[in-house]
Structure formats: structure tokens, C-alpha cells
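Each value in this text was obtained by applying a stated rule to the coordinates, not by laboratory testing. Remember, predicted model here, so these are calculated numbers, not experimental data. As a convention, Cβ positions derive from the backbone with ideal geometry for all residues, glycine included, and neighbour counts pool all protein chains shown.
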Amino acid sequence: MLQGGKSLFRVGSFEFQAKHLLIVAVLAMAFSSAVIMRSYPIKYGAYLNEFDPYFDYRATKYILDNGLDAYWKWHDTMSWYPEGRNIPATSQSGLHVTAAIMYSMFGAGGSLMDFTIMFPVVMGSLTVIIVFALVRVLAGTTAGLFASLLFALSPPIILRGNLGWFKSEPLGLFFGLLAAYLFISAIKHKEIKYAIPKAVLGGLILGLANASWGGIQYFSIPIALFFLALPFFRRDLTIPMYVAVAFTVFTLISAAAFPRPGMSFVAGLPGIAMMGSTVFLVAANFVGRISKDNERARQRNMAFLLIAFIAGGIGLIATGSYISPSFRYLNAINPFTSSQNALVESVAEHLTPTIADYFVDFSILLMFAGFGAWMAFQRRNDTAVFALIIGITGVYVSATFARLLVFASIGIIVLASIGLFEITRSILEHREAQASGPQKGKRREAAAKQPMGKAVKMAYVGVIIAMLLIPVFYPPNSNWVQAVDVPTAIGNGGTVFRTTSTDWIDATQWIAENTEKDAVIASWWDYGYWITTLGNRTTIADNATINQTRIESIAKMFSGDEQSGIKIAQDLKADYVVVYVVGQHQFDGTPGGNSTDVNVPIYTLGQGGEESKKNWIIRIAGYDTSKYIESDGFTPKPAFWTNTLLGKLVPYEPGNYVALTPNGIGNVEKTYKPGLVQLYTKNVKYPADGDPGQPFHLVYASPSFNDDSSGIVTGVLIYKVNKDYVPHPTRDPYNPTSATLADMTPGPQVAEITTSQGVIKAEFFPKAAPKTVDNFIQLANEGFYDGTAFHRLVPGFVIQGGDPNTKNATADRSTWGTGGPGTTVDAEFTDIPHNRGILSMARTADDPNSAGSQFFIVLDDNEQIRMALDGQYTAFGRVIEGMDVVDKIASKPTVGGDRDNSDQIVNPDDARVISVKIVPR
């Protein structure tokens, strides 16, 4: 393969042949393809991508503005207010330092922002050359060329290193793979004077790679396993032993020189694995020399030595004699562990990849990788074993987090390249062997010149190219080109839509120009880096997630009720609260379905903002999501809108539930049913010109929210915190699992409800629901309830009464349940559990503030009742005498059947309310 060829020119002792021109041409094509694929997002605008790159840009700029000495001492006071953040100890210093140096050398007077936007494209494309060099050392030049082309087009690699992805991965992979190349090259050297310098340089670069991206700790796994396996496949271990010692020592020195990873790498599992396996290799070299004349004894002694080292490693781990890494690193080593941390689970890149992800991302490469693995196993030499280890461990660790698919990509590309090389070699050499068969003289020469050989080669090349291009362009909606055709997060608000908006750019600019310079901004932690870097304002939390308690406090601020939320916002010293909402303008219509209503934009919500993250926010806060979210895990219950601060900050009002079809809407319902989506209209609950005494005031809304013609809304809302507001939380805002949200202290009066079955006495909770209690007492004193009936009986659930339409036994039954006093009382939802005997206000399904006079009494204690009622209906009292009377009423016959009035009492006189009197306790 690629042997010989016509000489083109000579430089010193090096003869440049036609095959070298072919290699340069293929590498140029791979590099160009890598640049094109990684630059795809430019069609949506040139921005830094995702969130972390904005911090990394800011840190690099700090070095250029203040110097390295200041950077190593930098304690940032604009993030994680008020404590701040030790930047070099909690970030990828290797990236910041390298980028600052490279900008100083190659910036050419351009802006740092433009440089950092292109940085990942350049580094990712240069890594194509490194991959060629690595695989060339492992399996030859042809395999290296295949690997360079595959690496250039691999979606998992591109998506973590495309335009604007100024994060850890592009530089970390460049350094990590360069270190791996130098390491394997050193192992293969026959002269120690060349091997040791490569090992030293490789170790230094691997340490720098670990300082640039924490994920590079992965390389410690295949390197350590390679050291353990090497004695079983190679007799002479002298050079590998020296290389291992030099490589490990300088990796540890280099990593320890940076504040992060520092000693946590040396004394952690990655460093211990490398040191332990290096010691094993040294010991194996010694054991091999002792038993070099007896291969069976040598293998046996090696096996015993390996068992002893494994036992020692298990003992070390069991005793905890190491610096423990974070859960996500442990999870990568043991994918069968599961996180109980909602914050870790909420991060999209921590999602576990599925089998379908592997087929979509790697497609035909899986077949070639399988063949390559088999061929590597057949060979079982140094480089084949290393390739096999890279392939297996890469796929293994990627089973944990989606972001680690980059390592599966590397492993599969290495093995697939070996497989492609072996197939290519066998076909081409087979043709050559046919041409150089047993013929003699002229017949042999003629056979060698037959054109059929060239035709077969051309056909083979065509088939291989076609097979490799299939996943690039097919299937139409899930090919590799489509996979990398994604806008930058700030350009589309982190949504799933392939569109652009300037909402976040405009919002951060507004913050920079219109808020006080010392203003503190609270937001969900995703947006902290954007606000600090582009808005130049202090934030309370960001993507560093270094203080989970702080993030939980923000979650509790959003998930708690209004009084708890404003209390936490004030405790956090927040001057502004930022909320992000994504929606789609579906059509214009009448929210009430009445022809007299004015047409307004009707929206659906979802696909990237807090309306989609609410489930995680509530979980992180420690609240029971079932009280606020429907069974689909997405649709909010009425309690979300009325009993959480986030529900009030989201500037939309819930409406009907519908089925959206290509032909329009159908199946309109006032209550949630699985498969339906909820419609919304705009409703700012804290307007700028609202009551001066309200806890928040909207001071900014981004363009797409204000534009009613906008098809997709990526609305950034900024609320100013009213520092003069005095909150009155009715429980500990930081303890969502506290016994009660409301004060259930009984009031000084009780209600005597005299019915046809006996007397029911109930106490009130005026501190929990003051408006509702006052409303009930007023109606009772007016004699409103006298003569009504408990018209709705649902055994095991509730009895409901208070409808004036039931006073006349001959009245139209279709009106039962619709009557009221002509006025309503706003909801006062709490988490008072709807246990047996609780009095609670009935209301319409679509309006939580529609309670009037009708009330119900709970009949039983069970979780199903509490899930259906808690936080969605106003509990305002409790039966203290006469539950036997309630049970008698509940036992009366109902209409039954499958009609709408099936739970109506047959004879209303069996449950007639004779009078309701309010008397002192």
C-alpha cells in the first residue's frame, strides 16, 4: 500500500515521491473538509457557541489585559456573588493560557472575539493531521489517511468543536491525541536516545491537555491498561519501561503545575492508575528477565504479578486512599452507577446516549470498526493491542454521557481505519498476486498488464467512497451534514429551531447600558456566563456549578410561591431577575372562544426556555413535581401558574387544551388530557406600570416577545426586584418539605351546617386563606347557603354543595354546578393536604380565580386525592364534628351511568342544607 512511486524531487536525503504527493493531497482534502464542516454554523452568524465559551473568552481576555501573574491570582467578584470564584483553581487554565499565547502570536491585530470564534475550527482541523500521524504509527499510512478523513467528518467530534465552540474539547483533544502519538512513537523506537525525548514531550503535553479539558483524564485509562497488557505481548520491555517511566513522571509534573487539575490528578484515580501500571511494567521487566528462558513460567509469573497489582488497586480504592473525583468522572468509569442529583441529571450533555445515537453518529463505520477490532486481535502486537484498547475503552466510557461520544468516535475511527486498510490491502494485493502468479515469461508479463486489475481497483475505490459518503448525506433528515447544521446557542436561544434571533444579544446589551454598574442579576444558572461577559454585570450563579446550594436556592426562588420567591431574591441581594421563555405563535383567536372577544395571538410554549426547564427547576428545588406538572412531565398544572413565582414571571396565561393537527386544531378541552397541548395568551403579571407595591416590575422584554407577528418567540424578560417590598412567607422559603405552606391555626368562629342528615361543624383557616374564609362567612351570614343541596356526590372522593341553582328541586339539573353569587374570589392555593374532612372551594377547570360559593368536603385520605387537589384548590377549613353526617350524604344514590350528570344526587332533599350559621368557637 502506497509503496514506491516515481521520484519527483529530493531534499537532502529525503526523496519526495508521487505517493507523498498523494498523502499531502488526501490530508489537504481532510483538513479542508474539517474546516468546512466545522464552519457550518456561520450561516446563522458568527458567535461564540453555547455558554462556557463566553467565560473562556473573558478569562483569555483577562490574561491579555492583565498578564499571567494577575491571572494566577484572579479571584473573580463578578460571578457567584457575593463569594466570588477562584478562576485558575476552578477552570481550564491550559485553554486560557494557550489561547492567549496563540492570539499574541497569530492574532494579527484582529479582535479577540473573532479569534476565539475561529479557534475551535482551526484546532479541530489541525487535529485531523494528528489523527493521521497517530493511526499511521498504529497501522500504517493508508489507515492514517482513512482516519484523517473520518475524523474530519465525525459529527460527535464536530459538534464539540465547531465554529464558536471555544471550550475545552478542541484544544484538549488536539493535545491529548498529540501526546498519544508521541507516546506510541516512543514505544516503537528501537533506540532509547530517540524514545525518551518523545516520551518526555508526550508526558508534558498530556499534562497540558488535562489542564485544558478535564475529560482528557480518559487517556489515563487506555495508557494504564496498555502498560498492564504489554508484558503479555512483548518480550523485550526495556524501552517500553523507560518510556513509561518518563511519560508518566512528566505527565504528573505537568498536570500538577496547573492549579487545576493539580494534585487532584496526581493523587486521584488517573494519576494512581498511571503510576501503578508503570510500576507494574517495571516489575514485569524484572520478572521477565528472571524467567526469560522459560516462556510458560514467564507468562505464569506475569499473571501472578498482575493479580497482585489488581488486588492492591482494589485495596487502595476500598480504603479510599486517594482524592475522590466528582460523580461524573466516577460514572464514566462505572456507567452502572446512577446519579441522584437532579442538577447533574438536568444537564443535556450528561444524558445517556442510546443505541440509536451510535447508529446515527457512526453508521457504516461500526461495520468497519468491528472488522478492524477482529484484525487487531488477530495481530496482537504492541500497536494492535493499543488500538484495540482505545476502541473498547472509548465506547465504554461514552455509554455514560453524550459529551463523551467524542471518545467513542476516536476509538471507532481508529478501528474502522484499520478495518478499511486491511480490506483495501487484501483486495489490492490479491489482484497483484493474481497478476504475479505462476505464469512464466511473456504470459506472466501479459497477465500483469491486463486492464482488468485497474478496473477492479477503480470499482473498489468507488464502492468504498460511496459507502463512506452514505451517512454524510443519507438519510435526508438525520445525516452527518444535517447533524452539524445547527445554529449557535446564543443565536437561536438554545432552542431546537434552525433560525436566528438577536433576543439574547439585545437583552445583554440592554443590561450593560441600562442597569446600575454594581447591579446583581439573578437568573437560572445557564445564562450566567452570557450576562457576566456580554452584559458586564455581576451574577449569582453560572455554568461552573461550583456551588450547588446556590443553584438550589435559585430553584427554590422560582419554585416557591410569590412571597417565598421575593424573600429569596432579596436574600440573594438580586437587583434584577432574568427569565427566558420560548414559544410559537400558532394563530390569532379569541381566548374565551366567544365571538365577541378580540382576536389576539395564541401561543404554545416550549423548546428551550424556563417553560421547558421547569420540571428540573422544581426537582432541584426539592419540590414534588407531581403537584405542578401533569403526567406527561411537561404540561403545567394550574398550581404552577398560581402557586410558583416562576409561573407568575412567565408572561403568559394558560388557556384551553387542544390537539394540533396539519388541518388545524381539534379536540378542544378545558381540562388536561394526555396527548393534548395547552394554548396561551400573553399576560404580564408584573407590568412596568403596575402597582408600585408589587414585588417585581418588568423593565425589559426582548424584541420577539413584543412582536406579535413573530412566529417563534425567544423572549428574554428582565424584572426589577422591589427592594422595599416586605415579603410575608408563610413557611421557611428554603425548606420546601416543611410540614405546611400555610398557617392552619383555626379562626375564632366555626360554621354550623345543618342538613337533612344532621349537623356538620367546620372550623376555618383565616391565616391560610383569608379572602376565601371572609367570602364564605359573608355568604353564610346573608343566608345564601340556606336551602341549597350537596348536589355532587363522588364516593371516596368528595361531596360538593353551595350552588344556588339547587334550591329548587324542580330546577334544570343541567345548571347544577354552574351557579354562584355573581362574584368570585381569587385563588389562595397552599400545600395544605386535602385529607379527609378538609373544606375546599370548587372552581371552573380553566380559571383558578373562578371560585364563588360552591365548596366541597374531602371524604378520604389517599395520595391520589392529594395529587388531584393539593395546590390546585383553595383549602380553607376542616370538619371538626359530623363526618358521620358527611358519610351519610355521600352514601345517597346518584344518577349514575356515563352521562355528564352521573354523580348528581337523585333526591336533593336527602342532602339539603337547611341553614349555615357562623357561631363563636
> Hey, what angle do you get for helix 269-290 against the long axis of the chain, alpha-carbon based, 0 to 90 degrees rounded to 10?
Replying inline: 30
> Which distance in Å, rounded to a whole number, links the C-alpha centroids of the range 577-646 and the range 156-193?
Replying inline: 45
> By how many degrees, between 0 and 90 and to the nearest 10, does the Cα long axis of helix 365-379 differ from the longest principal axis of the chain?
Replying inline: 40
>> Sort 115-123, 806-814 by packing, meaning the average of other beta carbons within 10 Å per residue, with the highest value first.
In response: 115-123, 806-814
> If you take the beta carbon distance between Ile42 and Val472 as r and set R0 to 22 Å, what does 1/(1 + (r/R0)^6) give as a FRET efficiency, to the nearest 0.05?
Replying inline: 0.70
>> Using +1 at the C-beta of Lys and Arg and -1 at the C-beta of Asp and Glu, which of Tyr603, Thr810, Trp524 has the Cα lying farthest in the positive direction of the dipole of the chain?
In response: Trp524
> Using DSSP loop states and a limit of at most 15 other Cβ atoms within 10 Å to flag GluC sites (Glu not before Pro), what is the longest stretch of the chain containing no flagged site?
Replying inline: 192-515
> Under 5 Å between amide H atoms, partner at least 5 residues away or on a different chain: which partners does Asp831 have, H built in plane at 1.01 Å?
Replying inline: Leu741, Ala742
>> Quick query: amide H of Asn543 versus all other amide H atoms, modeled in the peptide plane; which residues come in under 5 Å with a sequence gap of 5 or more or a different chain?
In response: Gly528, Tyr529
>> Whole angstrom only: what separates the Cα centroid of the range 674-706 from the Cα centroid of the range 52-75?
In response: 38
> Glu191 versus Asn294, label points 7 Å from Cα toward the beta carbon: distance in nm?
Replying inline: 3.8
> Label-point separation (nm) for Asp571 and Met367, each offset 7 Å from Cα along Cα-to-Cβ?
Replying inline: 6.0
> How far apart, in nm, are two points set 7 Å out from the Cα along the Cα-to-Cβ line at Arg380 and at Asn849?
Replying inline: 7.8
> Nearest 0.05, what FRET efficiency do Asn862 and Gln694 give at R0 = 56 Å with Cβ-Cβ as r?
Replying inline: 0.90
> Could you give the length gained on full extension between Asp506 and Met263, defined as 0.36 nm per residue of separation minus the Cα-Cα distance, in nm?
Replying inline: 83.2 nm
>> Using a Förster radius of 25 Å, what is the FRET efficiency between Ala303 and Asn334 based on their Cβ-Cβ separation? Nearest 0.05, please.
In response: 0.50
> With +1 on each Lys and Arg Cβ and -1 on each Asp and Glu Cβ, how big is the dipole of the chain about its Cα centre, in debye rounded to the nearest 20?
Replying inline: 5720
> Per-residue ellipticity at 222 nm for the chain, helices alone: DSSP H runs ≥ 4 residues times -39500 (n - 2.57), over residue total, nearest 500 deg cm²/dmol?
Replying inline: -15000 deg cm²/dmol
>> Among (i) 120, 64, 62; (ii) 133, 65, 63; (iii) 100, 80, 59, only one was calculated for this model; which label is it, if the read-out is Cα extents along the principal axes in Å?
In response: (i)
> Under a Cβ-Cβ cut-off of 12 Å, what is the net charge of the residues other than Val713 that fall near it, where Lys and Arg count +1 and Asp and Glu count -1?
Replying inline: -3
> Near the amide H of Ile914, under 5 Å away, which other amide H atoms are found, from residues 5 or more places off or on another chain, if H is placed in the peptide plane?
Replying inline: Thr754, Thr755, Ser756, Gly787
> Relative to the compact globular guide of 2.2 N^0.38 Å, what is the alpha carbon radius of gyration of the range 168-323, as a ratio?
Replying inline: 1.05
>> With θ taken as phi - 60° and the coefficients 6.51, -1.76 and 1.60, list the Karplus ³J(HN,Hα) couplings across the range 140-156 in order, rounded to whole Hz; mark glycine and proline as x.
In response: x, 4, 4, 4, x, 5, 4, 4, 5, 5, 5, 5, 4, 10, 6, x, x
> So which trypsin sites (Lys or Arg not before Pro) in the range 870-919 pass both tests, a DSSP loop state and at most 14 other Cβ atoms within 10 Å of the Cβ?
Replying inline: Arg899
> Using Cα atoms only, what is the angle between the long axis of helix 452-473 and the major principal axis of the chain, expressed in degrees (0 to 90) to the nearest 10?
Replying inline: 20
> So how do 34-46, 393-405 stack up, highest first, on mean other-Cβ count within 10 Å?
Replying inline: 393-405, 34-46
